[in-house]
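Beneath this line is the structure, given in structure tokens, with notes to follow.
The values are calculated or read from the model by the stated rules, or taken from the named source; none is laboratory data. Nothing here was measured: the structure is a model prediction, and the numbers come from that model. Note that we place each Cβ from the backbone using ideal geometry, even for glycine, and neighbour counts take in every protein chain shown.
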Amino acid sequence: MGLVQGKAGIVTGAAGGIGRATAILYAKEGASVLVSDLESCRAGGEETVALIKAQGGRAVFVAADVAKAADAQKLVESCVSNFGALNFAFNNAGILAVGFTSEVEEDEFDRIMEVDVKGVWLCMKYQLRHMMKNGGGVIINTSSEGGLVGTPLAGPYVAAKHAVIGLTKTAAGEYANMNIRVNSIAPGTIATPMVLSLPQEAQQMLMAPQPLHRLGTPDEVAQGVVWLSSDRASFVTGITLSIDGGATSNAQSYDPSTSPSKLGV
Ligand SMILES: NC(=O)c1ccc[n+]([C@@H]2O[C@H](COP(=O)([O-])OP(=O)(O)OC[C@H]3O[C@@H](n4cnc5c(N)ncnc54)[C@H](O)[C@@H]3O)[C@@H](O)[C@H]2O)c1
């Protein structure tokens, strides 16, 4: 028996990175998966579906822009029409803009809020409406290490990811007595296109606070998401699960030269 055997759900932002790895793990653990991403990322989304089918799983691709209400609603309807149920949803689609607070352009700020905050809220809105009428479900939202602490050069993103945690906590309380659990994850710096497309210097800067001192892998994030979606996490709601190599537990950037192993302690 897989961790989510016989269940069905949605993964947004699943054309690559964390979304793809999680869609694949959900399927490996027995679930049917509605793989979604922007129409412009259809090729990547269909590749995710092909990878799932190649391992004997069940998946379909549906294009959607999470910042559009009609698309968010369509995802719920498509999941139910394809698989007969919506048991879980991983609201993972997100974008990043890099720049100091005084330098970021207004349209970049607006776009981040539109996708990273409004997109998560819209998806939750229609998922909750369905789950309320159908015996419950589980929602996981992708926040970030930047949803818990400040991060230089990422003001709007950090604000958006803090907002995701606020939406998560509030919904967790509102729907707890309807058998709906709502949690978020806070990945550290993970080796995905979002990070690997940044200059090496920026990658090093982002990785510096992580005592495990390497980039995380998308699969390491997926493991946490699938666990939260499963009945193994039946008493867990309203939390933010950090999957960040220890980053948010340390007040300062981690310097390996100060490790006991280097100091001969
Ligand atoms: N990689 C990291 O280090 C890291 C760390 C913390 C949080 N995150 C978050 O993890 C999530 C996944 O990111 P990733 O690292 O896998 O990067 P990624 O860029 O590979 O994945 C993001 C996906 O979201 C999709 N997307 C963007 N706008 C969309 C929209 N309006 N509607 C639907 N889909 C849209 C993109 O096409 C892309 O496939 C994001 O929310 C990101 O903010 C990533």
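Remarks
- Residue pairs meeting the criteria (Cβ under 6 Å; at least 6 apart or on separate chains; first of a type in the set (Val, Ile, Thr), in region 80-108; second more than 16 Å from the ligand (Cβ to nearest atom)): 80/86
- Summed over region 1-20, residues that are surrounded by 24 or more Cβ atoms within 10 Å (Cβ to Cβ) and of a type outside the set (Ser, Thr, Tyr) total 10.
- Among residues of region 26-40, those that are surrounded by fewer than 24 Cβ atoms within 10 Å (Cβ to Cβ) and either part of a helix (DSSP H, G or I) or within 13 Å of the ligand (Cβ to nearest atom) (or both), counted: 4
- Checking each residue in region 182-201 for being surrounded by 16 or more Cβ atoms within 10 Å (Cβ to Cβ) and part of a helix (DSSP H, G or I) picks out 194, 195.
- Here residue 206 clears all of (1) of a type outside the set (Phe, Trp, Tyr); (2) within 12 Å of the ligand (Cβ to nearest atom); (3) modelled with pLDDT of 95 or more except the condition numbered (3).
- Pairs, first free of Cβ contacts under 8 Å to residues at least 40 places away in the same chain in region 219-235, second buried (at least 18 other Cβ atoms within 10 Å of the Cβ), C-beta under 6 Å, six or more apart: 224/185; 224/241; 224/243
- Residues of region 156-181 satisfying the condition of being in a helix (DSSP H, G or I) and more than 14 Å from the ligand (Cβ to nearest atom): 166, 169, 170, 171, 172, 173, 174, 175, 176, 177, 178
- Test: residue in region 219-232 that is in a loop (DSSP other than H, G, I, E, B) and either surrounded by fewer than 19 Cβ atoms within 10 Å (Cβ to Cβ) or touching a helix residue (DSSP H, G or I) at 6+ places or on another chain (Cβ under 6 Å) (or both): no
- With respect to the stated conditions, residue 25 is within 26 Å of residue 197 (Cβ to Cβ), of a type in the set (A, V, I, L, M, F, W, C) and under 18 Å from the mean Cα position of the chain (by Cα).
- Qualifying residue in region 215-238 (condition: touching a Lys or Arg at 6+ places or on another chain (Cβ under 6 Å), farther than 19 Å from residue 66 by Cβ and not β-branched (Val, Ile, Thr)): yes
- Members of region 205-218 that are outside any helix (DSSP H, G or I) and surrounded by 20 or more Cβ atoms within 10 Å (Cβ to Cβ): 209, 210, 216
- Within the set 229, 242, 143, 184, the sole residue that is modelled with pLDDT of 95 or more, in contact with a strand residue (DSSP E or B) (Cβ under 8 Å, 6 or more places away or on another chain), within 20 Å of residue 7 (Cβ to Cβ) and within 12 Å of the ligand (Cβ to nearest atom) turns out to be 184.
Results for (1) within 13 Å of the ligand (Cβ to nearest atom); (2) aliphatic (A, V, I, L, M); (3) closer than 26 Å to residue 111 by Cα, shown as yes or no for each residue.
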| residue | (1), (2), (3) |
| --- | --- |
| 3 | no, yes, no |
| 6 | no, no, no |
| 10 | yes, yes, yes |
| 42 | yes, no, yes |
| 47 | yes, no, no |
| 57 | no, no, no |
| 63 | yes, yes, yes |
| 67 | yes, yes, yes |
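- Residues that are in a loop (DSSP other than H, G, I, E, B) and either polar (S, T, N, Q) or within 6 Å of the ligand (Cβ to nearest atom) (or both), drawn from region 12-25: 12, 13, 15, 16
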